[in-house]
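A.B. asks: Handing you a structure now.
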Amino acid sequence: QVQLVESGGGLVQAGGSLRLSCAASGRTFSGNAMGWFRQAPGKEREFVAAISWRGTTYCAESVKGRFTISRDNAKNTVYLQMNSLKPEDTAVYYCAARSWSGWSMNRFDYDYWGQGTQVTVSS
């Protein structure tokens with residue numbers, strides 16, 4: 001059974017940092033693209049960042065320069081380093097995995113999802 005488990009969320013003041021982790025189990029995702037999405041109350045789930053199997057990364061414009069996605073294939077884990085956090089970054093953050101190697105911004109291209117971790121940024 002494939003599982004993606006996020007951790008590292010919490011409450012932080014504006015300008016602070018958090019590092020999210022997503023540990024995969026049940027199969028290896030070293031040859032697959034992984035991504036992070038977020039969903040704020042009353043809003044649709046939106047793309048945050050993605051990484052291909054080779055390590056090519058892409059971030060949404062709203063987080064570019066502040067967030068960094070990375071992966072450790074030996075640990076079957078993907079990370080999201082979030083710096084200079086803003087109140088508008090408050091959301092539930094979800095880890096996702098594709099069945100393909102290339103990254104995508106489209107949430108419907110992802111086949112596996114974690115349960116999410118809450119990130120709250122206070123002003």
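A.B. asks: In cubic angstrom, how much convex hull volume per residue do the alpha carbon atoms of region 37-78 span?
C.D. replies: Roughly 85 Å³ of hull volume per residue.
A.B. asks: In region 9-104, which trypsin sites (Lys or Arg not before Pro) fall in coil by DSSP and have 13 or fewer other Cβ atoms within 10 Å?
C.D. replies: Arg27, Lys43, Arg54, Lys64, Lys75
A.B. asks: With every protein chain kept in place and ligands, DNA and RNA left out, what is the accessible area per residue of the chain? Probe 1.4 Å, answer in Å².
C.D. replies: Spelled out: the 1.4 Å probe surface of the chain, per residue, equals 51 Å².
A.B. asks: With each pseudo-label sitting 7 Å past Cα toward Cβ, what's the Arg19-Lys86 distance in nm, one decimal?
C.D. replies: With each label point 7 Å from Cα toward Cβ, the separation is 2.5 nm.
A.B. asks: Here is a follow-up. Go through the cysteines of the chain and tell me which have no other cysteine Cβ under 4.7 Å away.
C.D. replies: That list is Cys59.
A.B. asks: Cα convex hull of region 1-73: mean projected area in nm², to one decimal?
C.D. replies: Directional mean of the projected Cα hull area for region 1-73 stands at 5.9 nm².
A.B. asks: For the chain, what does the relative contact order come out to in percent, with C-alpha contacts under 8 Å and a separation of six or more?
C.D. replies: About 36 percent, as a whole number.
A.B. asks: Carbon and sulfur together cover what percent of the accessible area of the chain at a 1.4 Å probe radius?
C.D. replies: Whole-percent figure for carbon plus sulfur exposure: 47.
A.B. asks: If you don't mind, there's one more thing I want to ask. Under 20 Å between alpha carbons, and skipping anything fewer than 8 positions from Lys64 in its own chain: which aspartates and glutamates qualify?
C.D. replies: The reachable aspartates and glutamates, counting only those whose Cα sits under 20 Å from Lys64, are Glu44, Glu46, Glu88, Asp89.
A.B. asks: I need two numbers for region 77-123: Rg to one decimal and Dmax as a whole number, Cα atoms only, in Å.
C.D. replies: Computed over the Cα atoms of region 77-123, radius of gyration and Dmax are 12.7, 39 Å.
A.B. asks: OK, next. I want the local charge near Glu61. Using Cβ-Cβ distances under 15 Å, sum +1 for each Lys or Arg and -1 for each Asp or Glu among the other residues.
C.D. replies: Residues near Glu61 contribute +1 overall.
A.B. asks: How big is the Rg/Rh ratio for the chain, C-alpha atoms only, Rh by Kirkwood, two decimals?
C.D. replies: 0.94
The values are calculated or read from the model by the stated rules, or taken from the named source; none is laboratory data. The structure displayed is predicted, hence computed values, not measured ones. All Cβ positions, glycine included, derive from the backbone under ideal geometry; neighbour counts span all protein chains shown. Note: areas computed on protein heavy atoms with side chains; ligands, DNA, RNA excluded. Shrake-Rupley method; radii C 1.70, N 1.55, O 1.52, S 1.80 Å.
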